[in-house]
Amino acid sequence: EGQRNSTKRHDILEMVKKKKKALMDEKKKLDREKKDKESEIGQAQSMAAQRCERVNSRRSAKDLEQHIQNMERRIQQGTRSNVNVEDISRRYHEAKTKYEDIKDSVSKMKSFSKQLEKTLTARQERYFKFRKEICIRLKYFFVMNLSQRGYTGKLDVDHEKRHLSMQLNVDTSGASTDTHDVRTLSGGERSFSTVCFICSLWNIMESPFRCLDEFDVFMDLYNRRITMNLLMEHASQTPRQRQYILFTPQDMSTFSKKFKNIKILQLAAPERQEIYAS
């Protein structure tokens, strides 16, 4: 019985060796077939790359084969209908080249448009900042010019509504701090505040010529003297590239002695003939 068991085990081992060898042979055969298929796939991919670029698709191989067959059938039908395949191919490549050029131009235009938007935004930010600084300087010079007469006041600038208002306090005693609209002031006070505002504008702008016409018509002697001193001091403190031209029907002889670099041109009085009704 022991010999019978030993023989049985030997037969089992022999059978296992034969199956193992058969599996190894099958594995080698599959490996050879795999290499052959990989070589075929590589050659097919190389041939396809010579015709067109690789197109990623989610369609199955069966659908693609069916699509190829349909296209080949259409080509054969076109050949039978005397359609020039070379002419169609040429027109296709021309249209494709034109499409690529237009696509590139559109892409460049979009990039340029974005750059313009950034530039415009930056310029608007600088403009608003510059406008704000100018308004601050304008208000400062206006208050300083009013102080020459002992007045106080303020400027309100509304850029959204495009509105500017002047508020003044002409009480030089300091008893009241209330400000009033310039329309409630006297003619001389309004004229003085207007000259102060114009001088403030001159401080923030670069104009080579600065002219005023009959600015002192409604001023009394005191306000006129203060105003002329303000104008003359303002002119003397600016660079010589600026020229001031003042038109007035009043006498200017007293100011030519006080300030230098002033040239007075006095015109002869116009001749007026009175016509009486006969």
ask   = Looking at MET47, is it over 29 Å from TYR92 (Cα atoms) and among the aliphatic types (A, V, I, L, M)?
value = no
note = The lone condition THR119 fails out of (1) open to solvent by less than 70 Å² (accessible area, probe 1.4 Å); (2) over 33 Å from the mean Cα position of the chain (by Cα); (3) modelled with pLDDT of 85 or more is (2)
task = Please go through the range 50-60 and pick out each residue that is at pLDDT below 80 and small (Gly, Ala, Ser).
result = SER57
ask   = Quick check, is ALA61 loosely packed, with under 10 Cβ neighbours inside 10 Å and of a type outside the set (Phe, Trp, Tyr)?
value = yes
key: Among (1) over 51 Å from the mean Cα position of the chain (by Cα); (2) loosely packed, with under 10 Cβ neighbours inside 10 Å, the one test that ARG54 misses   = (1)
remark   = With the first residue restricted to the range 89-114 and required to be within 28 Å of ILE75 (Cα to Cα), and the second required to be open to solvent by 100 Å² or more (accessible area, probe 1.4 Å), Cβ contacts under 6 Å at 6 or more apart or on different chains are none
Residues located in the range 229-243, provided they are part of a helix (DSSP H, G or I) and either more than 21 Å from LEU164 (Cβ to Cβ) or at pLDDT 80 or above (or both) = ASN229, LEU230, LEU231, MET232, GLU233, ALA235, SER236, GLN237
key: Residues that are out of contact with any strand residue (DSSP E or B) (no Cβ under 9 Å at 6 or more places or on another chain) and either of a type in the set (S, T, N, Q) or modelled with pLDDT of 75 or more (or both), drawn from the range 245-261   = PRO249, GLN250, ASP251, SER253, THR254, SER256, ASN261
key: Among the candidates ARG131, ARG137, residue that is closer than 30 Å to LEU231 by Cα and open to solvent by 100 Å² or more (accessible area, probe 1.4 Å)   = ARG137
query = Which of the residues belonging to the range 206-228 are part of a loop (DSSP other than H, G, I, E, B) and among the hydroxyl-bearing types (Ser, Thr, Tyr)?
reply = SER207
task = Check the range 177-200 and report whether any residue there is open to solvent by 70 Å² or more (accessible area, probe 1.4 Å) and closer than 21 Å to ARG137 by Cβ.
result = no
ask   = Does PHE142 satisfy the condition of being in contact with a helix residue (DSSP H, G or I) (Cβ under 9 Å, 6 or more places away or on another chain) and at pLDDT 85 or above?
value = yes
request  = Could you run through the range 67-79 and say how many residues are surrounded by 11 or more Cβ atoms within 10 Å (Cβ to Cβ) and more than 54 Å from the chain's Cα centre (by Cα)?
outcome  = 2
task = Any residue in the range 229-248 that's polar (S, T, N, Q): show its pairings with residues that are in a helix (DSSP H, G or I) and open to solvent by 70 Å² or more (accessible area, probe 1.4 Å) at Cβ separation under 9 Å, as long as the two are six or more apart or on different chains.
result = ASN229/LYS258
ask   = Looking at the range 209-238, which of its residues are open to solvent by 70 Å² or more (accessible area, probe 1.4 Å) and either farther than 20 Å from ARG149 by Cβ or within 46 Å of the chain's Cα centre (by Cα) (or both)?
value = PHE209, CYS211, ASP213, GLU214, GLU233, SER236, GLN237
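To keep it simple, each residue is scored yes or no on (1) part of a helix (DSSP H, G or I); (2) exposed (fewer than 10 other Cβ atoms within 10 Å of the Cβ); (3) polar (S, T, N, Q); (4) within 60 Å of the chain's Cα centre (by Cα).
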position	(1), (2), (3), (4)
LYS21	yes, no, no, no
LYS29	yes, no, no, no
GLU33	yes, no, no, no
ASP36	yes, no, no, no
ILE41	yes, no, no, yes
GLN45	yes, no, yes, yes
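The values are calculated or read from the model by the stated rules, or taken from the named source; none is laboratory data. Keep in mind that what you see is a predicted model, and the values were worked out from it rather than measured. As a convention, Cβ positions derive from the backbone with ideal geometry for all residues, glycine included, and neighbour counts pool all protein chains shown. Only protein heavy atoms, including side chains, enter the accessible area calculation; ligands, DNA and RNA are left aside. Shrake-Rupley method; radii C 1.70, N 1.55, O 1.52, S 1.80 Å.
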